[in-house]
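*Asks:* Sharing a structure below in structure tokens format, with a few things to ask.
The values are calculated or read from the model by the stated rules, or taken from the named source; none is laboratory data. For clarity, every value in this text was computed on a predicted model and none was experimentally measured. For neighbour counting, all protein chains shown are included, and Cβ atoms are generated from backbone atoms with ideal geometry for every residue, glycine included. Please note that ligands, DNA and RNA were not included when accessible areas were found on the heavy atoms of the full protein model with its side chains. Shrake-Rupley method; radii C 1.70, N 1.55, O 1.52, S 1.80 Å.
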Amino acid sequence: MPVAQCDDRCKSPAMNSYSFQTVPVLHFGEGCLSMLADQVAALGGTRPLIVTDKGIIGAGLIAPVEQALSDAGLTAHIFDAVIADPPEVVVEQAIDLAESADVDIVIGLGGGSSLDTAKVVAALAVDNAQVLSDIYGVGQLARKGLPTILIPTTSGTGSEVTAISILTTGETTKAGIVSPHLFADAAILDPTLTLGLPAAVTAATGIDAMVHAIEAYTGRHAKNPVSDMLAIEALKLLTAHIETACSDGANMVAREAMLRGSMLAGQAFANSPVGAIHALAYPLGGIYHIPHGLSNALVMPHIMQFNLEAAASLYAELADALDVPKTGPNSAEARAQELIDYLEGLAVKVNAPRRLREVGIAEDAVDELAEAAMLQTRLLINNPKELDLADAKRIYADAW
Ligand SMILES: [Zn+2]
């Protein structure tokens with residue numbers, strides 16, 4: 001019997017070799033914002049920059065952060081000009097402030113846009129030979145920048161535990177920076193900060209987190225036992241609590257579950273990257289400024305339907321893990337369909353818009369959207385089923 005060649009062995013699922021990375025320190029729980037000053041000190045920070053947006057200031061969420069710092073004798077510089085789908089010019093303004101104020105630690109506070117911006121600011125606001133245009137893509141960032149602490153105020157992007165930043169380049173294209181150097185040094189997850197999120201944002205960001213878990217679980221290249229475990233636990237928490245989090249925003253149990261679920265899903269997809277749902281969601285954000293979570297929620301069922309045949313056994317496993325009621329015949333395809341229907345039912349229950357036309361997109365936008373989605377090759381390669389331009393057009397048309 002010939003000895004197996006390395007190539008054969010490496011391709012064998014039984015070998016199951018994989019890598020897994022996440023942030024080194026997580027503080028999680030009601031009131032854990034009180035850990036901030038100690039965490040800044042532990043990282044050697046004395047001159048913090050808070051990167052955030054005006055919505056956070058308006059919602060009164062920056063006051064407790066500033067208070068936590070001032071109690072420890074620290075005064076923070078504040079950059080509050082982050083906007084959704086952050087364009088490069090905004091990131092460059094924040095880098096300029098970080099450099100002119102000579103800050104030595106960056107604190108991201110907010111949703112995914114603020115956290116993604118904070119990561120890039122920390123990466124480039126040091127004596128660094130690289131500029132923004134050098135670092136797009138996977139593994140282009142040469143080295144780690146300033147220490148970074150990320151504090152999410154939504155339960156969706158998982159950005160606090162990912163090594164990814166998504167920016168808008170040019171007018172409409174969203175591009176990713178992926179590098180292990182973007183991992184924060186610490187994340188502080190205090191569900192108190194999410195209590196005031198409106199129901200519509202809770203729904204959309206919660207569905208985004210579910211999509212992270214589903215796409216990590218069905219990823220074609222980097223799916224592994226750790227990301228699987230995280231994805232399943234995330235999906236259980238998110239599906240069980242999203243309705244309560246939307247209908248009763250002050251419910252701390254639901255808010256805590258959603259924040260934990262989005263973090264776990266973030267850890268999963270940081271290691272087993274997302275696929276076609278995100279690839280087709282990005283143009284909706286880049287071109288039409290539909291919020292990221294809502295973009296995902298709109299295309300999710302249509303891409304899952306497209307993937308059904310290729311991902312049937314994995315979708316069936318998720319249906320079983322979630323105890324989705326079994327009503328159809330005993331096949332993986334039927335079980336997968338039950339998962340898709342169950343998730344769609346949840347999206348309807350939390351009043352997420354279900355049609356592209358409901359969010360102001362014209363029917364003839366399909367071609368432009370599909371062409372833009374095909375540029376997301378970094379994501380499309382992870383999809384369980386090959387997807388071409390004609391498929392993308394059909395999926396957008398179905399979603400319209
Ligand atoms: Zn997402």
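*Asks:* Using only the Cα atoms of the stretch 197-291, what are the Rg and Dmax in Å?
*Replies:* In order Rg, Dmax, the Cα atoms of the stretch 197-291 give 13.5, 39 Å.
*Asks:* Give me the extension gain from Ala240 to Leu375: residue separation times 0.36 nm, minus the current Cα-Cα distance, reported in nm with one decimal.
*Replies:* 45.1 nm
*Asks:* Taking the alpha carbon gyration tensor of the stretch 124-243, what are the square roots of 5 times its eigenvalues, largest first, to the nearest whole Å?
*Replies:* Largest first, the stretch 124-243 gives 27, 18, 15 Å.
*Asks:* Which value, in Å to one decimal place, does the Kirkwood hydrodynamic radius take for the chain when every pair of different Cα atoms is included?
*Replies:* Computed over Cα pairs of the chain, the Kirkwood hydrodynamic radius comes out at 21.3 Å.
*Asks:* Then there's this: For the chain, with only Lys/Arg (+1) and Asp/Glu (-1) charged at the beta-carbon, what is the dipole magnitude about the Cα centre, in debye rounded to 20?
*Replies:* Dipole of the chain, to the nearest 20 debye: 620 debye.
*Asks:* If you don't mind, another one. Going by the alpha-carbon gyration tensor, a ≥ b ≥ c the square roots of its eigenvalues, is the stretch 159-199 rounded (a/c under 1.5) or, if a/c is not under 1.5, prolate (a/b greater than b/c) versus oblate?
*Replies:* It is oblate, given that a/c is not under 1.5 and a/b is not larger than b/c.
*Asks:* How would you rank 281-294, 253-266, highest first, on the average number of other Cβ atoms within 10 Å across their residues?
*Replies:* 253-266, 281-294
*Asks:* Contact order normalised by length for the chain, with contacts defined as Cα pairs under 8 Å and 6 or more residues apart; what percent is it?
*Replies:* Answer for the chain is 15 percent.
*Asks:* Could you work out [θ]222 nm for the chain from helices alone, using -39500 (n - 2.57) per DSSP H run of at least four and dividing by all its residues? Round to the nearest 500 deg cm²/dmol.
*Replies:* Calculated at 222 nm, the ellipticity per residue is -16000 deg cm²/dmol.
*Asks:* Could I ask something else about it? Over the alpha carbons of the stretch 323-398, what is the largest minus smallest coordinate on each principal axis, giving the biggest first in Å?
*Replies:* Principal-axis extents of the Cα atoms in the stretch 323-398, largest first: 39, 29, 19 Å.
*Asks:* Tell me which residues come under 5 Å, amide H to amide H, from Gln140 once H is placed; ignore anything under 5 positions away on its chain.
*Replies:* Result for Gln140 returns Val178.
*Asks:* Once amide H atoms are built 1.01 Å from N in the peptide plane, which residues 5 or more positions from Phe28, or in another chain, come under 5 Å H to H?
*Replies:* Leu189
*Asks:* If we sort 313-319, 394-400 on the protection proxy, mean other Cβ atoms within 10 Å, highest first, what's the order?
*Replies:* 313-319, 394-400
*Asks:* Can you give me the C-alpha center-to-center distance between the stretch 57-86 and the stretch 307-360, rounded to a whole angstrom?
*Replies:* Value for the Cα centre distance between the two parts: 40 Å.
*Asks:* Continuing with the same structure: Could you order peptides 228-237, 328-337, 81-90 by the average number of other Cβ atoms within 10 Å of their residues, highest first?
*Replies:* 228-237, 81-90, 328-337
*Asks:* Rolling a 1.4 angstrom probe over the protein heavy atoms, how many square angstrom per residue are accessible across the chain?
*Replies:* Here the residues of the chain average 40 Å² of exposed surface.
*Asks:* So, in nm, how far is label Ser34 from label Asn128 when the simple model puts each one 7 Å beyond its Cα toward the Cβ?
*Replies:* 3.4
*Asks:* Then there's this: Semi-axes of the equivalent ellipsoid of the stretch 242-335: what are they in whole Å, largest first, if each equals the square root of 5 times a C-alpha gyration tensor eigenvalue?
*Replies:* 24, 21, 14
*Asks:* Next question. Can you work out the Karplus-derived ³J(HN,Hα) for every residue in the stretch 181-195? Use 6.51 cos²θ - 1.76 cosθ + 1.60 with θ = phi - 60°, whole Hz, and x for glycine or proline.
*Replies:* For the stretch 181-195, the Karplus-derived couplings read 5, 7, 4, 5, 7, 7, 10, 10, 10, 10, x, 3, 5, 9, 4 Hz, x marking Gly and Pro.
*Asks:* Hey, can you list the DSSP H helices of the chain whose Cα span along the axis is 20 Å or longer and whose average Kyte-Doolittle score is at least -1.0?
*Replies:* Helix filter hits for the chain: 199-217, 225-247, 252-271, 292-321, 332-349.
*Asks:* Write down the percent of antiparallel bridges among all DSSP beta bridges whose residues are both part of the chain, to the nearest 5.
*Replies:* For the chain, the DSSP antiparallel bridge percentage is about 25.
*Asks:* With the cut-off at 32 Å, tell me which of the pairs Lys144/Lys174; Lys119/Lys326; Lys144/Lys393; Lys174/Lys385; Lys119/Lys349 have Cα atoms farther apart than that.
*Replies:* Pairs exceeding the cut-off: Lys119/Lys326; Lys144/Lys393; Lys119/Lys349.
*Asks:* On to the next question. Using the Kirkwood formula over every pair of different C-alpha atoms, what hydrodynamic radius in Å results for the stretch 97-177?
*Replies:* 13.1
*Asks:* Would you kindly calculate the translational diffusion coefficient of the stretch 45-153, applying Stokes-Einstein with the Kirkwood radius from alpha carbon pairs, for 25 °C and a viscosity of 0.890 mPa s, and quote it in µm² s⁻¹ without decimals?
*Replies:* The calculation lands on 177 µm²/s.
*Asks:* Would you pull out the residues with amide H under 5 Å of Thr169's amide H, same chain only if 5 or more places away, H placed 1.01 Å from N?
*Replies:* The list, which skips near neighbours in sequence, is Lys174, Ala175.
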